[in-house]
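So the structure is just underneath, and the comments pick up after that.
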Amino acid sequence: TAPVSCIDADAEKVVSGSRDGTVRVWDIAQSKLRFMLQGFTAYIGAVQYSSSWLLADGTNNIVVMMDFSGTDREGNDTPNPT
């Protein structure tokens, strides 16, 4: 793993962007990784998070927005790229 370059959080989750091009979403109450986004070819410059979306800005001219408005069968967040 690489150093964290940016973070955002709310009462339930912490989102981190790293210099290895990954975005990680952490569950605060359970102290565990919920999921990780990969595919950026350069480090993550910024992340913004709300209860219904995640925006990640990579330094390779790519911005990804994930939609969290859906849930899976167990009631967990189901990220959908938009």
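Annotation: amide H-H contacts under 5 Å for residue 22 (H modelled 1.01 Å from N, sequence separation of 5 or more, or interchain): 44. Taking amide H positions as modeled 1.01 Å from N, with prolines and chain starts lacking one, the residues under 5 Å from residue 9 and 5 or more places away or on another chain are 15. Distant-in-sequence amide contacts of residue 35, defined by a placed amide H-H separation under 5 Å and a gap of 5 or more residues or a different chain, comprise 25.
With θ taken as phi - 60° and the Karplus curve 6.51 cos²θ - 1.76 cosθ + 1.60 applied, the whole-hertz 3J(HN,Hα) list for the stretch 27-33 is 8, 5, 5, 8, 6, 8, 6 Hz, x standing for glycine and proline.
Every number in this text was worked out from the coordinates using simple rules, so none of it is lab data. Just so it is clear, the model here is predicted, and its values are computed rather than measured.
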